[in-house]
1. Evaluate E = 1/(1 + (r/R0)^6) for Tyr291 and Leu242, where r is the Cβ-Cβ distance and R0 equals 22 Å; express this FRET efficiency to the nearest 0.05.
2. Select from Gly290, Gly221, Gly279 the residue whose mean-square fluctuation is largest in a Gaussian network model of the chain (Cα-Cα springs shorter than 10 Å).
3. How high is the FRET efficiency between Ile124 and Thr144 when r is their beta carbon distance and R₀ equals 22 Å, given to the nearest 0.05?
4. When the distances between all Cα atoms of the stretch 198-272 are binned every 10 Å from zero, what whole-number percent does each bin get?
5. From the backbone phi of the stretch 22-27, what are the Karplus-calculated ³J(HN,Hα) couplings (6.51 cos²θ - 1.76 cosθ + 1.60, θ = phi - 60°) in whole Hz, Gly and Pro given as x?
6. For a protection proxy built on the mean count of beta-carbon atoms within 10 angstrom, sort 194-201, 73-80 highest first, please.
7. Taking the Cα-to-Cβ direction at Leu42 and at Ile208 and moving 7 Å from each Cα, how far apart do the two end points lie in nm?
8. How far is helix 268-288 tilted, in degrees, relative to the longest principal axis of the Cα atoms in the chain, given as a value from 0 to 90 rounded to the nearest 10?
Amino acid sequence: MEFKKEGYILASSPHIRRPVSTQKVMLLVTATLVPAIIFSILFFGTKVIALYASAIITCLVTEGVIEYIRKKNIKSLADGSAIVTAILLVMTLPPSVGWQQTAVGSFIAIAVAKELFGGLGQNIFNPALVGRAFLSAAYPVSITTFEAPAKVFKFLPDAVSSATPLAAAKFDKVFTPISNLFFGQVGGCIGETSSLALIFGGIILLLIGVTNYRLVISYLGTVILFATIFWIKDPQTYANPLFHLFSGGLILGAFYMATDLVTSPTTNLGNVIFGVGAGVLVFLIRFFGGYPEGVMYSILFMNACTPLINRFTKNKVFGT
C-alpha cells in the first residue's frame with residue numbers, strides 16, 4: 001500500500017531497487033556460454049545443434065505446460081532460466097547421446113528438479129545436474145560413450161576417444177597434455193572440453209558480479225590444494241593440479257553450476273563453505289572413488305546442504 005502526502009511516497013518494505021532482473025542475469029549467462037557452444041560445434045560437429053535444440057524446446061514446452069496447468073503466468077518462460085538449464089544440461093552430455101535421451105533429461109530437469117519444488121527460486125537442486133544424474137542412471141552406456149573431437153587446433157596432439165582424460169589417468173595412468181585440456185581437443189562431454197572458452201565466459205560473470213568469486217575460488221582452490229599434495233607425493237601415480245583443474249567438468253561446474261543463485265548459499269561465508277565442501281568431495285571421488293569424475297555429485301550434495309549452511313551463516317540482523 002502506498003500513500004502520497006506532501007511530495008513523499010510512503011510504502012511498505014522492501015525498498016531496494018536494482019536494475020538487475022532474472023531475465024537480464026539469464027541473458028548474460030547465456031551470452032557468456034556462446035564461446036563454449038561454438039567450440040562444442042567445432043569439435044563435435046553440427047549434430048550437437050540438434051541436441052541443443054532438443055533440450056531448449058523440451059525445457060520450454062515442459063515449463064509452459066506445467067505453468068498452464070498450475071494456472072500461473074506462462075510469461076515466466078521469457079526469463080530465460082529454462083534455456084540456461086537446457087544449454088548446461090547438453091554441455092554435461094557426451095556428443096554420442098541421442099536427441100531423444102536429451103529430451104528425457106530436459107523433461108526431468110524442468111518437471112522434477114524445478115517445477116515440482118514450486119518453480120524458479122524454490123528448487124533445492126540444480127535442474128541441469130538432476131537431469132544429467134537421471135540420464136546417468138537410465139542410460140549408463142550412452143552417457144559413458146565418448147568420441148574423439150575434430151582436430152580444430154592443428155598444433156595439438158590427437159585426442160583419444162576411448163576414455164575421457166580423467167578415466168585414462170585414473171585407470172591407465174595416461175595423462176593427457178595440459179595444452180589439449182586447455183584448448184579442449186579431448187574426448188569428453190560436449191561443453192566440458194574447452195576450458196579456455198569456459199574460463200573466458202566465467203571471468204566475465206565474475207567481473208560483472210553475477211557469480212560469487214568466493215565460491216569459485218574456494219571450490220577450485222580446494223581441488224588444486226589436495227591435487228598438489230598428492231602430486232608432490234607421487235607424480236607417477238597422481239596427475240598434476242593443472243590436469244585436475246582443466247579436465248572433466250570442474251571449470252563448468254565452478255563457474256556455471258555451483259554458483260547458481262537459487263541453489264547456492266546466500267552469505268559470503270556460506271559460499272566459501274559450499275566451495276570447500278564441494279572441492280573436498282571432488283577430490284575424494286576422483287582420488288579414492290571408483291568413478292573418475294565427481295563434479296556433478298559434489299554440487300548436488302552441497303545443494304542439499306545449502307539450507308543448513310544458510311541457517312548457520314546468516315548475517316546479523318541490523319539493530320540487534
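Every number in this text was worked out from the coordinates using simple rules, so none of it is lab data. Worth saying up front: this structure is predicted, and the values here are computed from it rather than measured. Every residue, glycine among them, receives a Cβ derived from its backbone with ideal geometry; neighbour counts consider all protein chains shown.
1. Plugging the Cβ-Cβ distance into 1/(1 + (r/R0)^6) gives 0.55.
2. It is Gly290.
3. Values: r = 27 Å, r/R0 = 1.22.
Efficiency computed from Cβ-Cβ geometry: 0.25.
4. The percentages, shortest bin first, are 20, 46, 26, 9, 0.
5. Each residue of the stretch 22-27 in turn: 4, 4, 5, 4, 5, 5 Hz.
6. Working: 194-201: 22.1, 73-80: 14.0.
Per-residue Cβ counts within 10 Å, averaged per peptide and sorted highest first, yield 194-201, 73-80.
7. 2.2 nm
8. Taking Cα atoms only, the helix is inclined about 20 degrees.
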